[in-house]
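Structure first, commentary second.
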Amino acid sequence: VHLEADQHFYRLGNGQYAFDASKLKDAHLECLNRAKAALANGLDSFVLVSNTFTTWEECFPYVASAVNVGAQVCIVDMLGSYGSVHNVPDKTIRRMKQRWVPAEFIAHKALQLGATVSISKEHKKCA
């Protein structure tokens, strides 16, 4: 299953992307709850969450949910420049880059929680 907070805004727009900053917290909560449910069901071999995680605090609830069910965590480090499919302002992207922490830091914190962790660079498969 592939999940992302942006799916919330597609649902709000009946299939068209309809971003509403006031609903961003709701979008992330919905994504987390869907990830938890998919992990708990164990029906999917992969639960892929493709949000822009820039800090450990943003990753933590997903990692903790994976640890709770014994799922492996794979961090895919997307270091390239891919542009914005949703026209995110450059100023916002710069702010996100300033608070970004390396995948190795996230992996270290995940290991401390008891996660089985791997890191993949760009689009390569997780081990």
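Worth a mention:
- The chain - Rg (one decimal) and Dmax (whole number), Cα, Å: 14.8, 41
- Quick note on the range 1-46: its Rg to Rh ratio, both from C-alpha atoms and Rh being the Kirkwood radius, is 1.04.
- Of Met78, Gln98, Gly114, farthest towards positive along the dipole that unit charges on Lys, Arg, Asp, Glu beta carbons give the chain: Gln98
- Sequence of His108, His28 from largest to smallest accessible area, 1.4 Å probe: His108, His28
- Most mobile listed residue (Thr54, Thr116, Thr92) in the chain, GNM with C-alpha springs under 10 Å: Thr92
- Comparing Ala21, Ala107, Ala37 in a Gaussian network model of the chain, where Cα atoms under 10 Å apart are tied by springs, the biggest mean-square fluctuation is seen for Ala21.
- Spin-label pair Val1/Ser50, simplified geometry with 7 Å Cα→Cβ offset, distance in nm: 1.7
- For the chain, taking a cut-off of 4.7 Å between Cβ atoms, the unpaired cysteines are Cys31, Cys59.
- The slack between Val101 and Leu113, meaning 0.36 nm per residue of separation minus the straight C-alpha distance, is 2.6 nm.
- Förster-model FRET efficiency, 41 Å R0, Lys125 and Ser22, C-beta, rounded to 0.05: 0.65
The values are calculated or read from the model by the stated rules, or taken from the named source; none is laboratory data. Not measured: the values here are computed from a predicted model. Backbone-built Cβ (ideal geometry, glycine too); neighbour counts: all protein chains shown. Calculation scope for accessible area: heavy atoms of the full protein, side chains included, ligands and nucleic acids excluded. Shrake-Rupley method; radii C 1.70, N 1.55, O 1.52, S 1.80 Å.
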